[in-house]
Amino acid sequence: MSKIVAPRILSMVLGLFFTIAIAQNSFAQTHESPDNAAAVEHVDETQNPQWKNAPLPQDLANKRLSQFALDKQLDANKSIDTNNSLFYWLISLIVIMLLIVLGTAMKLLNGLSKISGATTKEPNYDKLNGNMFLAFLFVFMGAILYEIMIHKQYLLPESASKHGQSIDMILWITFALTGFVFVVTQALLFIFAFKYRQKEGQTAIYYPKNDKLEILWTTIPAVVLTLLVLFGFRIWVNTTITNANAEEYYEIELYAYQFGWKFRYPGPDGKLGRTDYRLTNTELPGGTVNAIALDITDPASADDIVKDELILPKGVMVKLRMRSRDVLHAAHLPHFRAQMYCVPGTPTQFNLEPLYTTEEFRSRINKPDFNFELACNQICGASHYAMKREIKVVELKDYTAWMSSEKPLFTSAENSNTNQLTLK
Amino acid sequence: MSAHGHSESFISKYIFSQDHKTIAKQYLITGIFMGFVGGFLSTFFRLQLGWDGIDLGFLKGVFGNYLTDTGDAYTLAPDKYLALVTMHGTIIVFFVLTAGLSGTFSNLLIPLQIGARDMASPFLNMLSYWFFFVSSVIMICSLFIETGPASAGWTVYPPLSALPKAIPGSGLGMTLWLVAMALFIASSLMGALNYISTILNMRTKGLSFKKLPLTIWSFFLTAILGTLSFPVLLSAALLLIFDRSFGTSFYLSDIYIDGAALTAQTGGSPILFQHLFWFLGHPEVYIILMPALGITSEVIATNARKPIFGYHAMVISLLGISVLSFIVWGHHMFVTGMNPFLGGVFMIVTLIIAIPSAVKTFNYLATLWRGNIHFTNGMLFAIGLVSLFISGGLTGIFLGNAAIDIPLHNTYFVVAHFHIVMGASAIFGMFAGVYHWYPKMFGRIMNKKLGYIHFWLTFISVYCVFFPQHFQGLAGVPRRYYAFTEFEFAEVFIDLNKFMSIAAIIGFGAQFVFLYNFVTSMFNGKKAGRNPWKANTLEWSVENPGHGNWPAAIPEVFRGPHEYSKPGVALDYLPQWISDEDLERGVDYDNEAHDPVKKEITVKPTETIKEGE
Ligand code: HEM
Ligand SMILES: [Cu+2]
């Protein structure tokens, strides 16, 4: 009796679940009325291969709105999709059958071993599991080696910024130390599991403690970690505090919004001027849209240049200032080992010094079509994964030339083309 | 009940039960259910990660609002990908690994292992479960609303979580998330207060803190962490509710969205939320891990037939971890623009916390050394936990180093780190506990062959899914990306993602072996004796504990929990309830009939106990 209870309960539970699932049909949207004009339009929009590229927030919002309107419409003339419910019944049937088969197979196995009696002994599971652990150790270590070998080429190339070189150094030191500990401890674990598995005549030793050992393996990690901390602390302070206080730097602003980036260059005066979020997307005198909320009453803002591309001068300490229009974003520049959140209302910054131009870096790593990339690394909405810009590093003189050929966002009479790189 | 012969209705016995063992089972079954929901959500989005733009039309019936019709396929919508990740994280972290794990084993084991008839407040205990239940229901319901569930990540950072215009999931979905979490926090506080007062006040005669099983130590410290940190999450959530619904601006400032500047809501700081969140968040990860470590300690000692090595060091490490876990939260915020000097300080304390973790690992290894290891299902999972704890703990040393965290923050390296050290480890601890204490819960033993299959499939697939993610992270690939198609440095891993998705699906499939085993063993599992693993702690002194646990007097405790293979003792275990006199008299405690606990029934009159009304 009790043997058939289990599958019955299971099938009841599954049945319940799938009944609910079918009932859900009536709540879920179906997108299935071809004669519905709105639906067709909607389909067209998503068919467009461009849809994956970050849309402007307004586009996105419009799209959303139209989708919601559409859902409402569809709700009105939805019907239970019988094909679909059949599908769920089928699946639940298959699952139940599988469970029953599994159960029967197990019972059969048990029965067989009972019939043949003492001749078929139960396999030695202790030995089996012990061997499995040992085998796992070798396969595991082997697989890691293999991974390292095939994925080495995918890891980031050498650091393209100065501070990044010391980050890489401490990373590899940590890698070596933890790698050593990893191999030794995993090996001990699995070898112990293999070696001391239950055996006839084996007894465990009674060894509840050894204070000397405890002290030993408290102090060794403590010393190693202290060294890592000291070393890491210095690099951290250099990267964040010392660099931020550099005497000479050049400012560029990264402005993040759903879902893209704008870059502001300081113009001839070398200063990034004031901004005010309330001015976002207002129209500037002269007709351009104030996409990044410049406050042009500040002369330092009035000559600022706003671009869609990030161009950095090589060999100069660049102070990247970050701002966000709407939600949290993070500027992630993996090739430069740089990352900082863009926080609405709280300006942040990251200082770095590019070591190579894009061209130089391409030939260093032997990849003629390589590009530095800027990514968003803090969940910010639907197109978070596509919030990308390429970064170009050029020689200082090329940078200066490029800068002076650019026009500021706001063009007033006194703005002339006398842009020059001004270091502070 | 049988001991007292008073009958209870079905409802008070199985539904609104105040019996800690029933409540434990309720927590376990709810936890397993939520685990399957969370696991299903992850296979759902792993399909997208493995095969970008894959047709998920077969899910249209239930999850239609997650899909976009692209003409010839129903693909996962990018914002719904984020919704799935968010709900997966929330469900696994809070509903499975906090409530499911702590709720089950604290409830089951605290009274049984300290020799108490029940919890200090059975009524509060019942309330705690039902708050949790309602919270689970709300959380699940939010999966099915039209605009989708909360989508701002399990960390729900505002402004994204505060602005429905930023992502549709931040509308009703987020409201339900907040309501569910508020109930959840209330539930976990009621539970934790109960655990603390029970452990402090109701230990049986002789059971000093120095003789407590490590499970109880870990539940005790976990409960303390919970009572101190969950209220902070509650306040963070309340402030977020105010910002969302009442126009305050604790977290909002200088925002322009959807064509309008939020001029009325300004002056707040999104970083404030992060401080409040991680003040809970970091202790939370230890709230999850410590019970798993406690379970592992007992399971390893029992099945290696050895005392846990360095009991005192183990307790001190747990204490150290508990204290330190309150002052390291800033390591989640190194690159948020926090004062770099403060970041430096957080880095120092963070790396200090690695020391007690290392001590625990070495002690586990020393416990296995020259043991006589019984590979029960529970033991396999306990060994698996140690391996995962090593792998994940070591990557913490990278992330705890602020300098290294600059490029690694929010990449797949972090995903690998916390799935291995927290997700997988704690799940393994939970499985170890379920296999090990199943006999105490259901009177039967789970099928061990299925248990072996379950363990090996799970262990191998966990490493296959999460180990390669370290490489992805070292290459800079960000987490929470719907697709890896846009960036050159991420694109190279597209094939690897297929591999990880396949491993994840196999791993999820393996859990059905467990489910089958769990359900069928209730009915046809091998009948368990009173002490099937020949273990020392008090719960094994009673067969099928009924209402009030011990039919006779509560046993007294005479020794520590780990006297396995003690020289001079004939058997390789020596339970806590056996006194030295018993031993001298030569009681055969291996034989249930001769056990002094049994004998007491005939000697002592049944103690009257208060019925839990
Ligand atoms: C050995 C000691 C450990 C150290 C030094 C450490 C350090 C860190 C650091 C610095 C981060 C932040 C990474 C980032 O976001 O950039 C982190 C993330 C995390 N750690 Fe650990 N960790 C350790 C152990 C643990 C343990 C034992 C657990 C859980 C039981 C855990 C769970 C987590 C979780 C859940 C996250 C990610 C949260 C998120 O961003 O979603 N860690 N860890
Ligand atoms: Cu943490």
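Six or more apart or on different chains, Cβ under 9 Å: which pairs go from a residue in the range B:407-418 that's touching a residue at least 40 places away in the same chain (Cβ under 8 Å) to one that's open to solvent by 20 Å² or more (accessible area, probe 1.4 Å) and among the acidic types (D, E)? Could you list them?
B:P407/A:D168
Could you check the range B:329-347 and list, in sequence order, the residues that are within 11 Å of ligand 2 (Cβ to nearest atom) and in a helix (DSSP H, G or I)?
Selection gives B:W329, B:G330, B:H331, B:H332, B:F346.
Here is a list: B:F326, B:F209. Which entry is open to solvent by 10 Å² or more (accessible area, probe 1.4 Å) and away from ligand 2 (no atom under 16 Å from the Cβ)?
B:F209
If we scan the range A:376-384, do we find a residue that is in the same structural domain as A:E309 (by TED's automatic domain parsing) and farther than 23 Å from A:Y277 by Cβ? Even if it seems obvious, please write down each step before you answer.
Step one: filter the range A:376-384 for residues in the same structural domain as A:E309 (by TED's automatic domain parsing), giving A:376-384.
Okay, now just the ones that are also farther than 23 Å from A:Y277 by Cβ, so none.
No.
Quick one: in the range B:522-564, which of the residues that are more than 17 Å from B:V434 (Cα to Cα) and aromatic (F, W, Y) is surrounded by the most Cβ atoms within 10 Å (Cβ to Cβ)?
Step by step, filter the range B:522-564, then rank; the result is B:Y564.
I'd like the full set of residues that are under 14 Å from B:L293 (Cβ atoms), out of contact with any Leu (no Cβ under 8 Å at 6 or more places or on another chain) and within 16 Å of ligand 2 (Cβ to nearest atom), limited to the range B:349-388.
Once the filter is applied, which keeps residues that are under 14 Å from B:L293 (Cβ atoms), out of contact with any Leu (no Cβ under 8 Å at 6 or more places or on another chain) and within 16 Å of ligand 2 (Cβ to nearest atom), the range B:349-388 yields only B:S357.
Return the only residue of B:F389, B:F362, B:F418 being more than 8 Å from ligand 1 (Cβ to nearest atom) and not in a loop (DSSP other than H, G, I, E, B). Quick ask: steps written out before the conclusion?
Details: B:F389 fails: more than 8 Å from ligand 1 (Cβ to nearest atom); B:F418 fails: more than 8 Å from ligand 1 (Cβ to nearest atom).
None of the other options fit; the residue is B:F362.
Return a yes/no flag: does the range B:41-63 have any residue that is open to solvent by less than 20 Å² (accessible area, probe 1.4 Å), out of contact with any Leu (no Cβ under 8 Å at 6 or more places or on another chain) and farther than 30 Å from B:M430 by Cβ.
Yes, some residue in the range B:41-63 is open to solvent by less than 20 Å² (accessible area, probe 1.4 Å), out of contact with any Leu (no Cβ under 8 Å at 6 or more places or on another chain) and farther than 30 Å from B:M430 by Cβ.
For B:F484, which of the numbered conditions (1) more than 7 Å from chain A (Cβ to nearest Cβ); (2) of a type in the set (F, W, Y); (3) buried (at least 22 other Cβ atoms within 10 Å of the Cβ) fails to hold?
Exception for B:F484: condition (3).
Output the number of residues of the range B:170-180 satisfying the condition of being over 26 Å from the mean Cα position of the chain (by Cα) and either open to solvent by less than 40 Å² (accessible area, probe 1.4 Å) or not hydrophobic (A, V, I, L, M, F, W, C) (or both). Steps first, answer last, please.
Here is the first cut: in the range B:170-180, the ones over 26 Å from the mean Cα position of the chain (by Cα) are B:170-172.
The next check asks that each one be either open to solvent by less than 40 Å² (accessible area, probe 1.4 Å) or not hydrophobic (A, V, I, L, M, F, W, C) (or both); those that pass are B:170-171.
Residues flagged as over 26 Å from the mean Cα position of the chain (by Cα) and either open to solvent by less than 40 Å² (accessible area, probe 1.4 Å) or not hydrophobic (A, V, I, L, M, F, W, C) (or both) within the range B:170-180 amount to 2.
Residue under question is B:A166, and the condition is that it be closer than 22 Å to B:D254 by Cα and away from ligand 1 (no atom under 16 Å from the Cβ); does it hold? Full working, then the answer.
Numbers: closer than 22 Å to B:D254 by Cα: yes; away from ligand 1 (no atom under 16 Å from the Cβ): yes.
Spelling it out, B:A166 is indeed closer than 22 Å to B:D254 by Cα and away from ligand 1 (no atom under 16 Å from the Cβ).
Could you list all residues from the range A:227-242 that are surrounded by fewer than 21 Cβ atoms within 10 Å (Cβ to Cβ) and not aliphatic (A, V, I, L, M)?
If the condition is that a residue be surrounded by fewer than 21 Cβ atoms within 10 Å (Cβ to Cβ) and not aliphatic (A, V, I, L, M), then A:F231, A:F233, A:R234, A:N238, A:T242 are the ones that fit.
How many residues does the range B:150-169 contain that are open to solvent by 30 Å² or more (accessible area, probe 1.4 Å) and without any contact (Cβ under 8 Å) to a residue 60 or more places away in the chain?
Counting residues in the range B:150-169 that are open to solvent by 30 Å² or more (accessible area, probe 1.4 Å) and without any contact (Cβ under 8 Å) to a residue 60 or more places away in the chain gives 1.
Take B:I110 and decide whether it is within 24 Å of B:C464 (Cα to Cα), crowded, with 24+ Cβ neighbours inside 10 Å, of a type outside the set (S, T, Y) and at pLDDT 95 or above.
Working: within 24 Å of B:C464 (Cα to Cα): no; crowded, with 24+ Cβ neighbours inside 10 Å: yes; of a type outside the set (S, T, Y): yes; at pLDDT 95 or above: yes.
No: the conditions fail for B:I110.
Return yes or no: is B:V328 within 19 Å of B:I390 (Cα to Cα) and more than 8 Å from chain A (Cβ to nearest Cβ)?
Details: within 19 Å of B:I390 (Cα to Cα): no; more than 8 Å from chain A (Cβ to nearest Cβ): yes.
When the stated conditions are applied, B:V328 does not pass them.
Among B:H282, B:H275, which is within 22 Å of A:G345 (Cβ to Cβ), within 16 Å of ligand 1 (Cβ to nearest atom), in contact (Cβ under 8 Å) with a residue 12 or more places away in the chain and within 33 Å of the chain's Cα centre (by Cα)?
Values: B:H282 fails: within 22 Å of A:G345 (Cβ to Cβ).
Unique residue meeting the criteria: B:H275.
List, please: which pairs have Cβ atoms under 8 Å, are six or more places apart or on different chains, and start with a residue in the range B:344-370 that is at the interface with another protein chain (Cβ under 7 Å from one of its Cβ atoms) and end with one that is assigned to a helix (DSSP H, G or I) and of a type in the set (D, E, K, R)?
Within 8 Å, the pairs are B:V359/A:E214.
Within the range B:427-440, is there a residue that is within 11 Å of ligand 1 (Cβ to nearest atom) and at pLDDT 95 or above?
Looking only at the range B:427-440, we keep the residues that are within 11 Å of ligand 1 (Cβ to nearest atom), and these are B:429.
Next, from what is left, pick out any that are at pLDDT 95 or above: B:429.
Checked against the condition, which is being within 11 Å of ligand 1 (Cβ to nearest atom) and at pLDDT 95 or above, the range B:427-440 yields at least one hit.
Tell me the residue from A:P221, A:P208 that is part of a loop (DSSP other than H, G, I, E, B), at the interface with chain B (Cβ under 8 Å from one of its Cβ atoms) and either touching a helix residue (DSSP H, G or I) at 6+ places or on another chain (Cβ under 9 Å) or more than 30 Å from A:T358 (Cβ to Cβ) (or both), please.
Exactly one of A:P221, A:P208 is part of a loop (DSSP other than H, G, I, E, B), at the interface with chain B (Cβ under 8 Å from one of its Cβ atoms) and either touching a helix residue (DSSP H, G or I) at 6+ places or on another chain (Cβ under 9 Å) or more than 30 Å from A:T358 (Cβ to Cβ) (or both), namely A:P208.
Restricted to the range B:449-465, and to residues that are facing chain A (nearest Cβ under 8 Å) and surrounded by 22 or more Cβ atoms within 10 Å (Cβ to Cβ), which residue is nearest to B:S501 (Cα to Cα)?
B:Y463
Tally up the residues in the range A:321-341 that are buried (at least 23 other Cβ atoms within 10 Å of the Cβ) and either under 26 Å from A:P268 (Cβ atoms) or among the basic types (K, R) (or both), please. Even if it seems obvious, please write down each step before you answer.
Taking the range A:321-341 and keeping what is buried (at least 23 other Cβ atoms within 10 Å of the Cβ), we get A:323-341.
Those still in the list that are either under 26 Å from A:P268 (Cβ atoms) or among the basic types (K, R) (or both) too: A:323, A:325, A:331, A:337.
So the count comes out to 4.
Within the range B:417-448, can you find the residues that are closer than 23 Å to B:F94 by Cβ and among the polar types (S, T, N, Q)?
Of everything in the range B:417-448, just one residue is closer than 23 Å to B:F94 by Cβ and among the polar types (S, T, N, Q), namely B:S425.
Which number in (1) crowded, with 24+ Cβ neighbours inside 10 Å; (2) under 17 Å from A:S324 (Cα atoms); (3) of a type in the set (S, T, N, Q) marks the one condition that B:T263 misses?
In the conditions (1) crowded, with 24+ Cβ neighbours inside 10 Å; (2) under 17 Å from A:S324 (Cα atoms); (3) of a type in the set (S, T, N, Q), B:T263 misses (1) alone.
Among the residues of the range B:321-343, are any of a type outside the set (S, T, Y) and over 30 Å from A:V237 (Cβ atoms)? Walk me through how you get there before you give the answer.
Initially, the range B:321-343 is screened for residues of a type outside the set (S, T, Y), giving B:321, B:323-324, B:326-335, B:337-343.
Filter once more, so that each one left must be over 30 Å from A:V237 (Cβ atoms): none.
No, the range B:321-343 contains no residue that is of a type outside the set (S, T, Y) and over 30 Å from A:V237 (Cβ atoms).
Looking at the structure I just gave you, is B:I140 among the hydrophobic types (A, V, I, L, M, F, W, C), out of contact with any helix residue (DSSP H, G or I) (no Cβ under 6 Å at 6 or more places or on another chain) and within 13 Å of another protein chain (Cβ to nearest Cβ)? Break it down into steps so the answer makes sense when it comes.
On the way: among the hydrophobic types (A, V, I, L, M, F, W, C): yes; out of contact with any helix residue (DSSP H, G or I) (no Cβ under 6 Å at 6 or more places or on another chain): yes; within 13 Å of another protein chain (Cβ to nearest Cβ): yes.
Taking the combined requirement at face value, the residue satisfies it.
Regarding the range B:397-404, can at least one residue be identified that is within 10 Å of ligand 1 (Cβ to nearest atom), of a type outside the set (A, V, I, L, M, F, W, C) and either at pLDDT below 95 or buried (at least 24 other Cβ atoms within 10 Å of the Cβ) (or both)?
Checked against the condition, which is being within 10 Å of ligand 1 (Cβ to nearest atom), of a type outside the set (A, V, I, L, M, F, W, C) and either at pLDDT below 95 or buried (at least 24 other Cβ atoms within 10 Å of the Cβ) (or both), the range B:397-404 yields at least one hit.
Against the definition (facing another protein chain (nearest Cβ under 7 Å), of a type in the set (V, I, T), within 30 Å of A:L134 (Cβ to Cβ) and outside any loop (DSSP other than H, G, I, E, B)), how does A:T240 come out, yes or no? Talk me through it step by step, then tell me what you get.
Values: facing another protein chain (nearest Cβ under 7 Å): yes; of a type in the set (V, I, T): yes; within 30 Å of A:L134 (Cβ to Cβ): no; outside any loop (DSSP other than H, G, I, E, B): yes.
Criteria not met by A:T240.
The values are calculated or read from the model by the stated rules, or taken from the named source; none is laboratory data. Just so you know, these numbers come straight off a predicted model, no measurement behind them. Every residue, glycine among them, receives a Cβ derived from its backbone with ideal geometry; neighbour counts consider all protein chains shown. Heavy atoms of the whole protein, side chains included, go into the accessibility calculation; ligands, DNA and RNA do not. Shrake-Rupley method; radii C 1.70, N 1.55, O 1.52, S 1.80 Å.
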